[in-house]
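Peer 1: Before we start, here is the structure in question, set down as C-alpha cells.
The values are calculated or read from the model by the stated rules, or taken from the named source; none is laboratory data. Since we're looking at a predicted model, the values are computed, not measured. Neighbour counts run over all protein chains shown; Cβ positions are idealised from the backbone, glycine included. Note: accessible area is taken over every heavy atom of the protein model, side chains too, but ligands, DNA and RNA are not part of it. Shrake-Rupley method; radii C 1.70, N 1.55, O 1.52, S 1.80 Å.
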Amino acid sequence: MEELLNQYETVALNDVKVWFKAGKTSDFPTDGGGCVKYNGKQIAVINFERRNEWYACQNVCPHKMEMVLSRGMIGSADDTPKIACPLHKNTFSLVDGTNLSGNDYKIATYPVKIVEGEVLIGFID
C-alpha cells in the first residue's frame, strides 16, 4: 500500500511543468469535488465556491487507502480550507495537505488555475 501513496507528492506552484486540463468549471459540483485521472493517479478536484477557490489533492485516503477524498466534506478550520475523509473523518488542509486531526497522515496537494472556464491542475511530470 505504501507504493500507492508514494506516487503522490505535493507540487509547488513554482515547480509546475505541465498544466493538465481537468475539465470545464461546470463539470465539477458547487461546493464539492470530482475526480480526474492523470498519469495513473486519481486527483480530487474541489470547487470551494463559498470561498471562490479551487483546490486539487490526491483522491486516496492515506489511512484507509480508498479513493474517496473527492467525496469528502469541505469546510474551514479557522481560515484554512479543509476536506474531511468520508470514511474516518480525518481532516486535511487543502492548501498544504497537513492533517488537521492531529495524526501523522497527510495528503499531496496540487496548484489549480482557472483559464477561460477550464480547470487546470499543475504537475511536475
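Peer 1: Are any residues in the stretch 69-121 in contact (Cβ under 8 Å) with a residue 60 or more places away in the chain and small (Gly, Ala, Ser), and if so, which ones?
Peer 2: GLY97, ALA108, GLY117
Peer 1: Still on this structure: Please enumerate the residues belonging to the stretch 100-113 that are over 13 Å from the mean Cα position of the chain (by Cα) and either open to solvent by less than 40 Å² (accessible area, probe 1.4 Å) or at positive phi (or both).
Peer 2: Across the stretch 100-113, the qualifying residue is only GLY102.
Peer 1: Taking the stretch 94-106 on its own, how many of its residues are modelled with pLDDT of 95 or more and either under 22 Å from THR25 (Cα atoms) or in contact with a His (Cβ under 7 Å, 6 or more places away or on another chain) (or both)?
Peer 2: 2
Peer 1: Does the stretch 54-65 include one or more residues that are basic (Lys, Arg), touching a residue at least 24 places away in the same chain (Cβ under 8 Å) and under 13 Å from LEU94 (Cα atoms)?
Peer 2: No, there is no match, as no residue in the stretch 54-65 is basic (Lys, Arg), touching a residue at least 24 places away in the same chain (Cβ under 8 Å) and under 13 Å from LEU94 (Cα atoms).
Peer 1: Can I ask one more? Report yes if ILE124 is of a type in the set (Val, Ile, Thr), within 24 Å of GLU3 (Cβ to Cβ), open to solvent by 60 Å² or more (accessible area, probe 1.4 Å) and touching a residue at least 12 places away in the same chain (Cβ under 8 Å), otherwise no.
Peer 2: On the way: of a type in the set (Val, Ile, Thr): yes; within 24 Å of GLU3 (Cβ to Cβ): yes; open to solvent by 60 Å² or more (accessible area, probe 1.4 Å): yes; touching a residue at least 12 places away in the same chain (Cβ under 8 Å): yes.
Judged against the criteria, ILE124 is a match.
Peer 1: Let me ask you something else. How do the pairs read when you match residues in the stretch 1-30 that are modelled with pLDDT of 95 or more with residues anywhere that are assigned to a helix (DSSP H, G or I) and surrounded by 12 or more Cβ atoms within 10 Å (Cβ to Cβ), using Cβ under 8 Å and keeping only pairs 6 or more apart or on different chains?
Peer 2: Filtered contacts from the stretch 1-30: THR30/GLU49.
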